[in-house]
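The values are calculated or read from the model by the stated rules, or taken from the named source; none is laboratory data. A quick note: this is a predicted structure, and the numbers were derived from the prediction, not measured. Neighbour counts are summed over all protein chains in view; Cβ atoms, including those assigned to glycine, are modelled from backbone coordinates with ideal geometry. Side chains included, ligands, DNA and RNA excluded: accessible areas come from the protein's heavy atoms. Shrake-Rupley method; radii C 1.70, N 1.55, O 1.52, S 1.80 Å.
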Amino acid sequence: MRVLVIGAGVVGAAVAAGLTRRGARVTVLEERFPGAGTTGTSFAWVNANDKDPGEYFALNHTAVHAYHALGGDGFVPTGHIEWANGETRRVELSARVERLRDREYAVERLTAGRAAELEPDLAAQPDGTDYVLFPEEGHVIPAVLLARLLGEARDRGARVETGAAVREIKSGGGSVSVTLADGGVRAADVLVSCAGRWTGGLVDVPVLDPRVSGTVTNGFLVTTTPVPARLARVLTGDRLNVRPDGGGRLMLQALDLDDAADPETPPPDDVGAEMLARLPEVLSATDGARVERTRVGQRAMPADRLTVAGFTDPAARVYAVVTHSGITLAPLLGDLVAGEVYGKESALLRPFRPTRFAEAPAAPAPAAECPPRERG
């Protein structure tokens, strides 16, 4: 089977790898370079602890387990520690813990002492702070994961074409073809679009435009210079989220600052300065840390804020994948989507078909479907 995959981000790379495992002849078409889109601007936290409704939680929970089965480079399975100080946050965290236990999700309450044992440079929090460990969660270094997945696909014969901007998709007569910006044409038996936030310009799937959607699709990410602080896992608190970013660097995220995130303008200097000012609230031993880079992360967000996965045409020639949980879902999607292309329907993906948008007007999603903490 010949398959075209549009997009060489982490989802496209995972799908390409999954297809080549099944023997497909794959060509990946990437407009710029691998990882140039959302993959390169992600907090890259693998998690499912605050994802609803139930079908979406089940998909992400299975995806967390898929990372552990994947093993090897790309995934750092050290878990995630969250804490809550104020009464409102403590009540919310406690309710989430009980809900997750009912769903058989790995979660442990911690004492302050145990949290300090796990993270010796964790900053001291006020008395009464609640701590929780999600031991099966983790994070990835996106470039490392992308290299692994694309490398696997290439090793099995996949071709990756960069500078290949797809402008039109045509299906019919038992095949599918694309026209590129330079006038070139590529044909195959099936096409899988993993174009992320550009999906709506290629197939009939409504995706929010990051240029006008505010904090739903945009958020600041700050990378620090290397610091001699010990940090093994994702930390999330009331005012700042932190994870290791390789080579002693830290990645910082402060969700309450995202109102000013605009992908059309350079990030203001005071964003990085504010996150650095908050860093000692989370991690000690960070004296001398400086901002190395500030970016605006842009998420691929379907109109109803839930993952899309399925064929968009009656002939089953054009398959679309778009999700704002791309890092968390990528390895699982790579396997499930490849299986569906080969005719094996996935029960996990059944609730997320693109046909749902044609069946009924998309209602605004409840806040729980895309909580502001969710960045994986």
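All other residues whose Cβ lies under 12 angstrom from that of Thr39 are scored, Lys and Arg at +1 and Asp and Glu at -1, for a net of +2. Where the accessible area of segment 27-105 is counted over protein heavy atoms with a 1.4 Å probe, how much of it, in %, is carbon and sulfur? Carbon and sulfur together cover 52 percent of it. Mind telling me which of Tyr56, Tyr342, Tyr319 comes out most flexible in a GNM of the chain, alpha-carbon contacts under 10 Å? The residue with the greatest mean-square fluctuation here is Tyr342. When Rg and Dmax are taken over the Cα atoms of the chain, they come to 20.6, 69 Å. For the peptides 166-173, 47-54, the ranking by mean Cβ contacts within 10 Å, running from highest to lowest, is 47-54, 166-173. Ranked by the mean number of other Cβ atoms within 10 Å of their residues, highest first, the peptides 225-237, 91-103 come out as 225-237, 91-103. Remark on Gly297: its backbone amide H falls under 5 Å from those of Gly219, Phe220, Leu221, a criterion applied only to residues 5 or more positions apart or on other chains, H modelled at 1.01 Å from N.
Using DSSP, restrict attention to beta bridges with both residues in the chain and report what percent are antiparallel, rounded to the nearest 5. DSSP beta bridges in the chain are roughly 70 percent antiparallel.
Pair-distance distribution P(r) for segment 40-188, from all Cα-Cα distances in 5 Å bins starting at 0: 2, 8, 12, 13, 14, 12, 11, 8, 6, 6, 5, 3, 1, 0 percent. Averaged over its residues, the chain has an accessible area of 40 Å² per residue, based on protein heavy atoms and a 1.4 Å probe.
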